[in-house]
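Okay, so here's the structure we're looking at.
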Amino acid sequence: MAGEGGEENVNIKGRKIYLDPKADGIEYEPSEWRLCEAPAHCVTHLPTWTIFQIRLNEEARAKGKATLDDFFAVVVHVCRGQYRPTDDVLEFLGRGAIAVYLQAIGAWKPEVTRTPDTARHKTIKSSYPRPN
């Protein structure tokens, strides 16, 4: 069953994953991610070999101006032989993918702190530029 994990999926298409406007930040471990050379605008989560493409919503594209809330991640591939993460895990990873990608291309320089209980990096939500 989709979302239960355990089944092999290749070239799966996921729903749009946006940043959570109510969250205090995004937790991710930078060493678990890498930018993809192809397809464009993609990052790979290495432990799960899940590839996310980062996109900009049509409204922001039409305006020619975007905020962090206008970007979303879509699962475009889980490498052969890997198990599809559950929907909750994909949501968590998708948000991390947005943060990692935007920082890697220099589009966002958030305040980053170490979260002591998980040893993961946590991007502080208050550093998000929000529209007025």
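The values are calculated or read from the model by the stated rules, or taken from the named source; none is laboratory data. Just so you know, these numbers come straight off a predicted model, no measurement behind them. Cβ atoms come from the backbone with ideal geometry, glycine included; neighbour counts cover every protein chain shown.
Number of residues in the stretch 79-108 that are surrounded by 15 or more Cβ atoms within 10 Å (Cβ to Cβ), within 12 Å of H41 (Cβ to Cβ) and not β-branched (V, I, T): the value is 4. Scoring T50 on the criteria (1) in contact with a helix residue (DSSP H, G or I) (Cβ under 9 Å, 6 or more places away or on another chain); (2) under 17 Å from L19 (Cα atoms) leaves a single failure, condition (2). Tell me whether the stretch 33-42 contains one or more residues that are assigned to a helix (DSSP H, G or I) and modelled with pLDDT of 85 or more. No, the conditions are met nowhere in the stretch 33-42. Every listed requirement among (1) at pLDDT below 90; (2) surrounded by fewer than 10 Cβ atoms within 10 Å (Cβ to Cβ); (3) of a type in the set (A, V, I, L, M, F, W, C) is met by A62 save one, (1).
Taking T48, is it of a type in the set (S, T, N, Q), in a strand (DSSP E or B) and at pLDDT 85 or above? Answer is no for this residue.
A quick yes/no check of all residues on (1) hydrophobic (A, V, I, L, M, F, W, C); (2) in contact (Cβ under 8 Å) with a residue 60 or more places away in the chain; (3) farther than 28 Å from T113 by Cβ:
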site: P21; (1), (2), (3): no, no, no
site: G25; (1), (2), (3): no, yes, no
site: L35; (1), (2), (3): yes, yes, no
site: A38; (1), (2), (3): yes, no, yes
site: H41; (1), (2), (3): no, yes, no
site: K63; (1), (2), (3): no, no, yes
site: D70; (1), (2), (3): no, no, no
site: G96; (1), (2), (3): no, yes, no
site: Y101; (1), (2), (3): no, yes, no
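Scanning the stretch 81-103 for residues that are more than 23 Å from R15 (Cβ to Cβ) and at pLDDT 90 or above turns up just one, Q103.
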